[in-house]
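All of the numbers you see were taken from the coordinates with simple rules; none came from a lab. Here the structure is a predicted model, which means the values were calculated and not measured. FYI the Cβ positions are ideal-geometry reconstructions off the backbone, even for glycines, and counts take in every protein chain you see.
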Amino acid sequence: MSVSFINKVLDNGKTIFYAWFESMHTRIDIVICNQSEDFSKNTIDLIYNELHRIEQLVNRFDPSSELYRLNQTAAIHPVTVSPELFHIIADCIDYYEKTSGCFDVTVNSLESYRNGIKGIVCDLRNYSISYKNPAIKIDLGGFAKGYALDKSIKILKNNQMTDALVNFGNSSVFAIGNHPSGCGWKITLPTSTREQPESVVLHDECLTTSGNEEAHLHILSPFDGQYIKAGKPVSVVTKDATSGEVFSTALFVSRGIGNE
């Protein structure tokens, strides 16, 4: 495991444990306040291992992952999956309905196949999933980061961390309690500029930003399969990271459609 960290005592007597590492193709930064170094390190180890476990579950490119195996065979016959993956996919189907199709985990299906999510059949009786068309492929990249962040926050809270911050690649930031020098956590929005700095103070909340940069287009429109190029990224503040990831993406897609 490659985790770097710094433990520092501030002038006001409070302590900050700052750790960072790579996981799920993203840099993860975690700040824990007013805890011992050993306890903080042990908590970071739990988070690191949990993120690795989630990646092994949902990485559609990894032949050893459960999602990869599902994508390969669900169009041939129903596949029994773990309860965790079953409920993740069921939640994504629910979010598709709630966002009027703007959040669609089948957007990267083969042969420009559209509305693939309507061809996913979930059988709760035996936790099996099947696809009605072989072109359907599930990509949980737009969901998994928020899901993993929520799992990380749960570990922190279960370990009695009352003041902490977790940053997933600057696009998803979850704050618990207070900064050691203030109330809440003041976070600069990713869309800010030097001329127009914007910030938000988080209190047990998540700030999530979704968008496409000209040099890094990655969000596709579920309606035509084209990359969305319209406007600035969208930021939302939510009580959990999963819904923040979903709704920031859906709002960006919706705004892009409106500007076409």
Evaluate E = 1/(1 + (r/R0)^6) for Arg125 and Thr73, where r is the Cβ-Cβ distance and R0 equals 22 Å; express this FRET efficiency to the nearest 0.05. 0.70
Dipole moment magnitude, nearest 20 debye, the stretch 1-146 about Cα centre, only Lys, Arg, Asp, Glu C-beta charged: 340 debye
Return, ordered by residue number, the residues of the stretch 145-183 whose backbone nitrogen is under 13 Å from a label point located 7 Å along Cα→Cβ of Ser82. 148
Starting from 0.36 nm per residue, how many nanometres of slack lie between Thr191 and Glu50 once their C-alpha separation is accounted for? 47.8 nm
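As an exercise, use a Förster radius of 51 Å and the Cβ-Cβ distance of Gln226 and Lys14 to find the FRET efficiency, rounded to the nearest 0.05. Before the final figure, lay out each step's value.
Values: r = 50 Å, r/R0 = 0.97.
The pair Gln226/Lys14 has a calculated efficiency of 0.55.
Go through Lys154/Lys229; Lys98/Lys154; Lys8/Lys232 and tell me which ones have a Cα-Cα distance over 32 Å in this structure.
Over 32 Å Cα-Cα: Lys154/Lys229; Lys8/Lys232.
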Using +1 at the C-beta of Lys and Arg and -1 at the C-beta of Asp and Glu, which of Thr73, Thr106, Tyr95 has the Cα lying farthest in the positive direction of the dipole of the stretch 64-139? Thr73
Structure-derived semi-axes √(5λ) of the Cα gyration tensor in Å: which label, when the choices are (i) 34, 23, 14; (ii) 28, 24, 17; (iii) 34, 19, 16: (i)
Over all alpha-carbon pairs of the stretch 1-133, lay out the pair-distance distribution in 5 Å bins, whole %, shortest bin first. 2, 9, 15, 16, 14, 10, 9, 9, 7, 5, 3, 1, 0
When the chain is fully extended, how far beyond the present Cα-Cα distance does Ser64 get from Ala135, taking 0.36 nm per residue of separation? 23.5 nm
For Cα pairs less than 8 Å apart in space and 6+ apart in sequence, what is the mean separation divided by the residue count of the stretch 40-95, i.e. the relative contact order in percent? 18 percent
Taking a ≥ b ≥ c as the square roots of the Cα gyration tensor eigenvalues, with a/c under 1.5 meaning rounded and otherwise prolate when a/b beats b/c, else oblate, which class fits the stretch 64-139? oblate
With the dipole of the chain worked out from charges on the C-beta (+1 for Lys and Arg, -1 for Asp and Glu) around the Cα centre, which of Leu124, Ile187, Phe17 lies farthest toward the positive end? Leu124
Given Cβ point charges of +1 (Lys, Arg) and -1 (Asp, Glu) and nothing else, what value in debye, to the nearest 20, does the dipole of the stretch 64-139 about its Cα centre take? 220 debye
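Add +1 for every Lys or Arg and -1 for every Asp or Glu among the other residues with Cβ under 10 Å from the Cβ of Ala175, and state the total.
Working: positive: Lys186; negative: Asp163, Asp204, Glu205.
Within the 10 Å Cβ shell, the charges total -2.
Give me the dipole magnitude in Debye, nearest 20, for the chain about the Cα centre, with unit charges on the beta carbon: positive for Lys and Arg, negative for Asp and Glu. Present the calculation step by step, with values, prior to reporting the outcome.
Details: 23 positive and 30 negative charges, 41 e Å.
For this selection, approximately 200 debye.
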Given the peptides 34-45, 101-112, arrange them by the average over their residues of other C-beta atoms within 10 Å, most packed first. 101-112, 34-45
Tell me, what is the FRET efficiency for Glu97 and Phe5 to the nearest 0.05, using R0 = 41 angstrom and their Cβ-Cβ distance as r? 0.45
Most to least packed among 167-173, 85-91 [average Cβ atoms within 10 Å]: 167-173, 85-91
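For Trp185, what is the net charge nearby, where nearby means another residue's Cβ is under 13 Å from its Cβ and Lys, Arg count +1, Asp, Glu -1? The partial results should precede the final answer.
Values: positive: Lys186; negative: Asp29, Asp163, Asp204, Glu205.
That works out to -3.
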As a footprinting exposure proxy, order Glu84, Glu245 by other Cβ within 10 Å, with the fewest listed first. Glu84, Glu245
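Sort Ile76, Ile16 so that the residue with the fewest other Cβ atoms within 10 Å of its own Cβ comes first and the one with the most comes last. Please list the in-between numbers first.
Details: Ile76 10, Ile16 20.
Sorted ascending by nearby Cβ count, the order is Ile76, Ile16.
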Whole-Hz couplings from phi, Karplus 6.51/-1.76/1.60, listed for the stretch 104-114; x for Gly and Pro: 9, 6, 9, 4, 9, 5, 6, 6, 6, 5, 9
